[in-house]
1. Can you name the residue in region 16-36 that is surrounded by fewer than 17 Cβ atoms within 10 Å (Cβ to Cβ) and assigned to a helix (DSSP H, G or I) and, of all such residues, is nearest to the ligand (Cβ to nearest atom)?
2. If we scan region 115-136, do we find a residue that is of a type in the set (K, R), touching a Ser or Thr at 6+ places or on another chain (Cβ under 6 Å) and within 12 Å of the ligand (Cβ to nearest atom)?
3. Is it the case that region 85-107 has a residue that's more than 23 Å from I176 (Cα to Cα), touching a helix residue (DSSP H, G or I) at 6+ places or on another chain (Cβ under 6 Å) and away from the ligand (no atom under 14 Å from the Cβ)?
4. For region 50-77, enumerate the residues that are free of Cβ contacts under 8 Å to residues at least 12 places away in the same chain, away from the ligand (no atom under 11 Å from the Cβ) and assigned to a helix (DSSP H, G or I).
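Every number in this text was worked out from the coordinates using simple rules, so none of it is lab data. Predicted, not measured: the structure shown is a model, and the values here were computed from it. Don't worry about glycine lacking a Cβ; one is built from the backbone with ideal geometry, like all the others, and counts go over all protein chains shown.
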Amino acid sequence: MLNLVLFGPPGAGKGTQATRISEKYQLIHLSTGDILREEIAAETELGVEAKKNMDRGELVPDLVVINMIATKIDENKNANGFIFDGFPRSTAQAEALDTILVERGVSIAAMLALEVDNEHLMQRLLRRGRKSGRPDDQNPAIIGNRISIYNKTTAPVIDFYASQNKYLPVNGIGTIEEIFDRLCTSIDVVK
Ligand code: AMP
């Protein structure tokens with residue numbers, strides 16, 4: 001089983017790259033953001049609650065996303081592996097993911113961390129907001145809040161994986177193809 005974390009700030013290109021990686025390596029793509037947006041579209045209780053956090057650019061509570069991920073892992077028992085996109089976003093989530101995987105006799109092979117500077121992130125998110133209509137991508141103040149929460153709460157997850165020698169930084173600036181090639185080079189070393 002090959003389990004990878006695709007990490008990076010909002011707008012780093014995680015979704016695009018995780019889709020390609022999942023196809024090439026036959027992995028299940030688990031994006032907590034996508035699952036939450038499905039819950040919102042289906043107007044579930046979870047979705048209605050999560051939307052309040054998401055619209056403000058805040059994180060959804062750890063327990064909510066941890067339970068979502070555990071359920072998805074158990075729904076895909078025969079998978080070749082998983083690529084986690086947008087999860088874990090806090091050290092508590094990273095610890096919980098380790099526990100979930102250990103209980104099932106597997107582990108994370110690597111954290112691939114896309115590195116993109118703040119100026120590129122803001123431009124990419126506003127462009128995505130114009131195209132997709134995602135409400136949290138349209139307001140520079142909300143985007144700023146997401147980037148600052150990333151720096152405060154999410155960036156420390158790097159230390160968690162670095163201490164396990166699983167942190168692999170990847171330059172996230174360039175064409176989709178160039179970035180994909182860099183990611184595959186790193187994956188081919190750990191797979
Ligand atoms: P994303 O599509 O990954 O940019 O996620 C969109 C929004 O969903 C985030 O700004 C958070 O409000 C919420 N979200 C997604 N993943 C997580 C997570 N792992 N932990 C907490 N909140 C999350």
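1. My answer is D34.
2. No, because not a single residue in region 115-136 is of a type in the set (K, R), touching a Ser or Thr at 6+ places or on another chain (Cβ under 6 Å) and within 12 Å of the ligand (Cβ to nearest atom).
3. yes
4. N67, T71, D74, E75
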